[in-house]
Amino acid sequence: MSLTNTHQIDIQNAENSKINDVDFNNLKFGTIFTDHMFMCDYVDGAWQQPKIVPYQPMTIEPSARVFHYGQAVFEGMKAYKDEDDKVWLFRPDLNFERINKSAARLAMPEFPKNYFFNGLETLLNLDKDWIKKGLDRSLYVRPFVIATEPAISASPASAYRFIIICSPAMAYYTEPVRVLFAEKYSRSANGGVGFAKAAGNYAAQFYPTNIAQSQGYQQIIWTDASTHQFLEEAGTMNIFFRVKDKLITAPTSDRILDGVTRKSVIQLANDMGITCEVRPVSVKEIKDAAFDGDLKEIFGAGTAAVISRICAFEHGGDVFELPEPADSYGKKFKATLLDIQHNRREDNHGWRHPVK
Ligand SMILES: *Cc1c(COP(=O)(O)O)cnc(C)c1O
């Protein structure tokens with residue numbers, strides 16, 4: 001389907017808004033959804049008429065491929081409101097490119113760019129009252145694609161549905177997290193789908209993460225599947241290590257998700273004159289640095305929490321506590337990113353995207 005096709009969107013407005021039933025000061029992440037959703041079906045080799053309808057359950061046949069073979073990909077992004085009630089997205093072009101990269105890896109059709117932005121911006125305009133002002137407020141936006149063809153043969157489907165739903169969010173993962181460095185299980189493998197936001201990647205982490213949680217660790221930092229000697233990323237965040245005054249983060253690969261927040265942190269480090277090495281990070285060097293007192297910080301970077309401080313890690317029976325340094329880099333990156341996202345600071349790299 002050509003990218004220049006410009007279908008109008010069919011809009012069916014919700015009769016009543018649910019917004020007055022929502023306590024915006026007490027939101028549990030990802031549990032409340034706005035009044036509308038965007039949908040577009042792929043059949044007969046083409047994306048059909050895009051629609052916006054009231055947020056509602058969908059009827060899908062039990063034989064739909066998504067239920068059997070996990071042919072599903074998603075994205076996670078946020079919309080922000082500034083003090084003048086203008087709505088902004090943060091580098092949404094990267095989310096658009098990434099959902100299509102994920103889709104291609106799962107043998108799913110790519111979604112046209114004009115449909116994506118037109119659908120997203122029309123939806124955000126309809127539901128803009130759900131985006132609250134303030135640095136700790138945003139609207140989490142979840143685009144996703146599922147295989148809907150009702151036929152259980154193990155092959156790519158011929159029918160798909162692209163959907164966008166939105167959920168009001170407060171700051172997520174504000175508590176610092178304790179993590180385990182993976183020694184047994186793996187998140188992704190060479191030549192696999194680790195770089196894609198493929199639904200199955202997350203299901204596969206739940207069991208090992210449950211075990212970690214029963215030991216008092218909220219998350220796992222995954223290591224490379226072949227040797228478990230190199231630190232890669234967390235379940236939904238890329239990871240940065242600060243040794244003395246230098247940052248280190250793993251290079252992206254087919255095992256690691258190419259995060260928008262990670263990319264932005266690397267650029268901000270550059271802007272601030274902080275050295276950031278992008279190279280394999282060994283478990284040994286991080287443990288050695290921790291023993292020597294040179295390991296100052298570990299933090300995760302991802303859209304949901306922006307930056308999450310990691311306050312302790314365990315590996316091979318050794319536990320290290322990491323108190324927050326007075327000059328925390330993670331804190332600085334978080335404040336800078338939030339200011340850029342909420343239009344409170346100059347946007348030197350053209351990252352903000354206005355929702356018209
Ligand atoms: C989404 C995600 C990230 C973070 O990516 P952002 O674009 O910064 O939100 C990192 N790792 C994994 C595995 C993810 O799914």
* residue 82 versus residue 258: modelled label distance in nm, points set 7 Å from Cα along the beta carbon direction -> 2.9 nm
* Between residue 183 and residue 56, what FRET efficiency follows from the Cβ-Cβ distance if R0 is 45 Å, with the result rounded to 0.05? -> 0.50
* To do: Holding the Cα-Cα limit at 28 Å, pick out from 246/356; 113/197; 78/244; 18/51; 78/101 the pairs that are longer than that.
  => 246/356; 78/244
* Structure fact -> One point scatterer per Cα, no solvent, Debye formula: log10 I(q)/I(0) for the chain at q = 0.07, 0.08, 0.14 Å⁻¹ comes out as -0.31, -0.41, -1.23
* Starting from the Cα of residue 226, step 7 Å along the direction of its Cβ; do the same at residue 155; then give the gap between the two resulting points in nm. => 3.4 nm
* Asked: Total Lys pairs in region 261-337 closer than 15 Å by alpha-carbon, pairs eight or more apart in sequence or interchain only?
  -> 4
* Asked: Using the count of nearby Cβ atoms within 10 Å as a rough guide to exposure, how do 313, 33, 291 rank from fewest to most?
  -> 291, 33, 313
* Structure fact -> Ordered by fewest other Cβ atoms within 10 Å, a rough proxy for footprinting exposure, 161, 105 read 105, 161
* To do: List the relative contact order of region 67-136 as a percent without decimals, with contacts defined as Cα pairs under 8 Å and 6+ residues apart.
  => 38 percent
* Structure fact -> For 27, 135, ascending order of other Cβ atoms within 10 Å (fewest first) is 135, 27
* Structure fact -> With -39,500 (n - 2.57) per DSSP H segment of 4 or more residues and division by the full residue count of the chain, the 222 nm estimate, nearest 500 deg cm²/dmol, is -7500 deg cm²/dmol
* In a GNM of the chain with a 10 Å cut-off on Cα contacts, which of 26, 13, 343 has the highest mean-square fluctuation? -> 26
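In what sequence, highest mean first, do 236-249, 52-65, 74-87 appear when ranked by Cβ atoms within 10 angstrom?
Output ranking for 236-249, 52-65, 74-87: 236-249, 74-87, 52-65.
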* Quick one: work out the % antiparallel among DSSP beta bridges in the chain, nearest 5. => 80 percent
* To do: Count charges around residue 294 for me, please; just the other residues with Cβ under 12 Å from its Cβ, Lys/Arg as +1, Asp/Glu as -1.
  => 0
* FRET efficiency, residue 113 to residue 25 (Cβ-Cβ, R0 45 Å, nearest 0.05) -> 0.75
* From the residues 50, 104, 36, which one has its Cα farthest along the dipole of region 3-169 in the positive direction, the dipole being from +1 and -1 charges on Cβ of Lys/Arg and Asp/Glu about the Cα centre? -> 104
* What FRET efficiency, computed as 1/(1 + (r/R0)^6) with R0 = 51 Å and r the Cβ-Cβ distance, is obtained for residue 291 and residue 46, rounded to the nearest 0.05? -> 0.30
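Values in this text are rule-based calculations from the coordinates and carry no lab data. All of these numbers come straight from a predicted model, not from anything done at the bench. All Cβ positions, glycine included, derive from the backbone under ideal geometry; neighbour counts span all protein chains shown.
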